Amino acid sequence: MSLRKAPLPRILLDNVSCMRNAQQILRHVNVSVHDGGALVLTGSNGSGKSTFLRMLAGFSKPSAGQILWNGHDVTESGVFHQYKLRLNWLSLKDAIKEKFTVLDNVQWFELLEGKQGNSLPALELMGLGRLAKDKARMLSMGQRKRLQLARLLAIDRPIWLLDEPSVALDDDGVRLLEYIIAEHRKKGGIVFVATHLPINIEDAMYLRLPPRFPRRMTLVMVDHLADPKVKVAALQIPGQKKDSSAGSQRSDSVKPQEKFFNDLSKNNADADADASINFEQ
């Protein structure tokens with residue numbers, strides 16, 4: 001009887017180290033992320049979370065080690081071109097055109113992607129449907145963040161890189177964020193989140209950056225006190241006790257908006273095949 005090989009992780013951090021301004025912020029980190037996986041990077045301001053996301057996006061190289069997508073280094077030119085087409089990036093710079101309408105701000109990105117028909121449903125899901133014809137300059141900070149999230153949904157790429165996605169959101173907005181992340185993962189999507197605020201993502205790994213960086217840091221898996229299903233990955237300082245604490249969990253649930261995600265899956269039935277592209281010679 002032949003043994004089946006375990007599937008390769010979609011994204012692999014292979015002994016990765018990272019420098020920023022001549023300071024080492026990551027050293028010897030090994031993380032495997034499969035389809036449907038999530039990694040939450042936590043840490044104080046200036047700890048290197050955004051630098052980590054830029055490295056994951058292939059915009060900068062690790063100082064040591066590799067970041068592999070489908071077994072290939074994401075910084076290689078041929079690989080990077082394909083890899084970046086699978087990425088959805090949400091940053092603190094929202095790139096919202098204030099003279100455009102709310103709907104135009106989503107449709108513009110959707111058209112660039114060669115897609116159509118998802119913009120208005122995405123806005124409605126994010127609670128902005130009634131504002132679709134308003135100018136974007138009229139939006140509050142929280143509404144601008146919801147607009148950014150609507151663009152993620154409309155474009156619908158498999159890998160999400162989210163930099164402080166819950167900043168400016170109220171409690172309902174955070175619960176909605178957690179819901180769309182869960183729905184994206186159900187379709188096999190991958191989510192990386194950098195945040196200094198609590199967020200509830202089931203079965204996620206948590207990579208915690210300390211404010212001061214030791215000479216060597218190790219990824220340690222510990223049980224989550226509030227929810228045994230959630231695991232926490234911490235960068236453990238030698239000699240320091242494991243920290244099992246984590247952000248507060250929200251018990252409130254979001255009413256499923258299944259129609260949007262069902263329609264999205266039908267419109268993008270080939271997304272999984274595209275995400276599985278390989279680079280065999």
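May I ask you to list the residues in the range 38-72 that are in contact with a helix residue (DSSP H, G or I) (Cβ under 8 Å, 6 or more places away or on another chain) and either free of Cβ contacts under 8 Å to residues at least 60 places away in the same chain or basic (Lys, Arg) (or both)? Answer for the range 38-72, where residues must be in contact with a helix residue (DSSP H, G or I) (Cβ under 8 Å, 6 or more places away or on another chain) and either free of Cβ contacts under 8 Å to residues at least 60 places away in the same chain or basic (Lys, Arg) (or both): Gly58, Ser60, Lys61, Pro62, Ile67, Trp69.
Of note, Val191 does not satisfy the criterion of being modelled with pLDDT under 50, in a strand (DSSP E or B), crowded, with 20+ Cβ neighbours inside 10 Å and in contact with a Phe, Trp or Tyr (Cβ under 7 Å, 6 or more places away or on another chain). Among the residues of the range 143-182, those that are among the small types (Gly, Ala, Ser), touching a residue at least 24 places away in the same chain (Cβ under 8 Å) and closer than 19 Å to Ala194 by Cβ comprise Ser166, Ala168, Gly173. Among the residues of the range 197-220, those identified as surrounded by fewer than 16 Cβ atoms within 10 Å (Cβ to Cβ) and either at pLDDT 50 or above or within 16 Å of Arg157 (Cα to Cα) (or both) are Leu197, Pro198, Glu202, Asp203, Pro211, Arg212. Residue check: Asp14 meets all listed conditions (1) surrounded by 15 or more Cβ atoms within 10 Å (Cβ to Cβ); (2) closer than 21 Å to Trp89 by Cβ but one, namely (2).
Give me a count of the residues in the range 19-50 that are at negative phi, of a type outside the set (A, V, I, L, M) and modelled with pLDDT under 90. The qualifying residues number 7. Are any of the residues in the range 95-102 surrounded by 14 or more Cβ atoms within 10 Å (Cβ to Cβ) and of a type in the set (Lys, Arg)? Within the range 95-102, none of the residues are surrounded by 14 or more Cβ atoms within 10 Å (Cβ to Cβ) and of a type in the set (Lys, Arg). From (1) in contact (Cβ under 8 Å) with a residue 40 or more places away in the chain; (2) in contact with a Pro (Cβ under 9 Å, 6 or more places away or on another chain); (3) in a loop (DSSP other than H, G, I, E, B); (4) surrounded by fewer than 20 Cβ atoms within 10 Å (Cβ to Cβ), pick out the condition that doesn't hold for Thr75. Looking at each condition in turn, Thr75 falls short on (1).
The values are calculated or read from the model by the stated rules, or taken from the named source; none is laboratory data. What you are looking at is a predicted structure, and each value in this text was computed from that prediction instead of being measured. So basically every Cβ, Gly included, is an ideal-geometry build from the backbone, and we count neighbours across all protein chains shown.
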